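Here is the structure we will look at, set down as structure tokens.
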């Protein structure tokens, strides 16, 4: 029994050590890349990494925005690369919890018509208010460039006329 417990503790120590080493390498790589001003993608206008609750970029989720697309790269060993064309985005909402406010972060909730990503979150990013404005601006530019328009409902579903008349028999002029 002691041998099994010792083996499990050694295996756990190795796993934790490898994870810590991966985090350290990631942080060093990111800080070196930022000092050199390099972006992961050529045409990127904004990049960030999902951050933990203390605002540290210890995550393997990376966000990138260029003039036409938003990219979401997730994972370390099993990696998934997603992208959404900006003209498919229908809504951008910023939320900031108390903890996010304390550490200067926020989360963008994106509603899109993309088939794979659908609605998604850009979680715990720095300068979230300015990123939201940049994101919204680029979305509008791409909608205009691609001639994509969304219909917004101005009725709350109660089937009433917009001018509050009940129907054709309603006295429109007030003549009694």
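Kindly indicate whether any position in the stretch 111-120 is in contact (Cβ under 8 Å) with a residue 40 or more places away in the chain and in contact with a helix residue (DSSP H, G or I) (Cβ under 8 Å, 6 or more places away or on another chain).
No; the residues of the stretch 111-120 include none that is in contact (Cβ under 8 Å) with a residue 40 or more places away in the chain and in contact with a helix residue (DSSP H, G or I) (Cβ under 8 Å, 6 or more places away or on another chain).
Which of the residues spanning the stretch 50-62 are assigned to a loop (DSSP other than H, G, I, E, B), touching a strand residue (DSSP E or B) at 6+ places or on another chain (Cβ under 8 Å) and more than 14 Å from residue 100 (Cα to Cα)?
Selection gives 59, 60.
Of everything listed in (1) exposed (fewer than 13 other Cβ atoms within 10 Å of the Cβ); (2) at pLDDT 90 or above; (3) assigned to a helix (DSSP H, G or I), the single unmet condition for residue 28 is (2). Inside the stretch 41-57, residues that are surrounded by 12 or more Cβ atoms within 10 Å (Cβ to Cβ) and at pLDDT below 85 make up a count of 6.
The values are calculated or read from the model by the stated rules, or taken from the named source; none is laboratory data. Everything quoted here is computed from the prediction, not taken from an experiment. Every residue, glycine among them, receives a Cβ derived from its backbone with ideal geometry; neighbour counts consider all protein chains shown.
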